[in-house]
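The values are calculated or read from the model by the stated rules, or taken from the named source; none is laboratory data. Since the model is a prediction, treat every value here as computed from it, not as a measurement. Note: ideal-geometry Cβ built from the backbone for every residue, glycine included; neighbour counts use all protein chains shown. All accessible areas refer to the heavy atoms of the entire protein, side chains included, with ligands and DNA or RNA removed. Shrake-Rupley method; radii C 1.70, N 1.55, O 1.52, S 1.80 Å.
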Amino acid sequence: MKRLQVAGSLVIALLMAGSAWAHHNAAGIDRTKTVTVEGTVKQFKWANPHSWVEIEVPDKKGGVELWNAEMTSPSILVRAGWKKTTLNAGDKVKLVVNPLTNGNPGGLFVSITLPTGQELKQQAPRPAQAAAAP
């Protein structure tokens with residue numbers, strides 16, 4: 001009976017590990033490219049495990065295309081200068097993403113330029129490395 005419990009526990013652990021890996025798999029993102037779009041914030045979702053921003057971008061046909069950008073968690077965004085209120089519906093912004101490989105509008109967040117001209121990324125800039133000692 002003990003062996004059955006151990007085997008069952010191992011199977012459950014492996015299944016959970018597999019789903020965690022799949023969740024963080026970026027196979028659908030082209031990290032070698034960036035796309036920049038300008039539009040209006042529709043919604044900013046400050047949530048765990050990932051925040052999201054939705055931007056309405058005018059298309060060539062006179063309509064609007066909805067771009068979704070997946071971001072990192074709020075705990076990391078805070079260190080980069082973000083607040084829950086950084087983006088508001090109606091803000092005019094410039095969004096940079098690593099695009100989706102299937103061509104759909106959206107991707108992985110790289111940076112955003114706010115109406116004030118301030119550019120925010122999802123991670124705080126690294127401090128300059130100390131000069132090497134002589």
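Taking the conditions exactly as written (in contact (Cβ under 8 Å) with a residue 40 or more places away in the chain, within 24 Å of residue 28 (Cβ to Cβ) and surrounded by fewer than 13 Cβ atoms within 10 Å (Cβ to Cβ)), does residue 98 satisfy them or not?
So residue 98 fails the test.
Could you tell me whether residue 68 is assigned to a loop (DSSP other than H, G, I, E, B), without any contact (Cβ under 8 Å) to a residue 60 or more places away in the chain and open to solvent by less than 80 Å² (accessible area, probe 1.4 Å)? Full working, then the answer.
Values: assigned to a loop (DSSP other than H, G, I, E, B): no; without any contact (Cβ under 8 Å) to a residue 60 or more places away in the chain: yes; open to solvent by less than 80 Å² (accessible area, probe 1.4 Å): yes.
No; evaluated as a whole, the condition is false for this residue.
Does residue 35 count as aliphatic (A, V, I, L, M) and in contact with a Pro (Cβ under 7 Å, 6 or more places away or on another chain)?
Details: aliphatic (A, V, I, L, M): yes; in contact with a Pro (Cβ under 7 Å, 6 or more places away or on another chain): yes.
Yes.
Just to check your reading of the model, which residue among 39, 90 is small (Gly, Ala, Ser), more than 16 Å from the chain's Cα centre (by Cα), crowded, with 18+ Cβ neighbours inside 10 Å and at pLDDT 95 or above?
When all the criteria are applied, what remains is 39.
If you check every pair at least six apart or on different chains, which have Cβ atoms under 7 Å apart with a residue in the stretch 71-84 that is part of a helix (DSSP H, G or I) first and a residue that is open to solvent by 50 Å² or more (accessible area, probe 1.4 Å) and modelled with pLDDT under 95 second?
Once the first residue is part of a helix (DSSP H, G or I) and sits in the stretch 71-84, its partners that are open to solvent by 50 Å² or more (accessible area, probe 1.4 Å) and modelled with pLDDT under 95 give 74/48; 76/123.
State the number of residues belonging to the stretch 62-110 that are out of contact with any strand residue (DSSP E or B) (no Cβ under 8 Å at 6 or more places or on another chain) and on the phi > 0 side of the Ramachandran plot.
So the count comes out to 2.
I'd like to check something: does the stretch 43-55 contain any residue that is over 15 Å from the mean Cα position of the chain (by Cα) and either part of a strand (DSSP E or B) or touching a residue at least 12 places away in the same chain (Cβ under 8 Å) (or both)?
Scanning the stretch 43-55, I find no residue that is over 15 Å from the mean Cα position of the chain (by Cα) and either part of a strand (DSSP E or B) or touching a residue at least 12 places away in the same chain (Cβ under 8 Å) (or both), so the answer is no.
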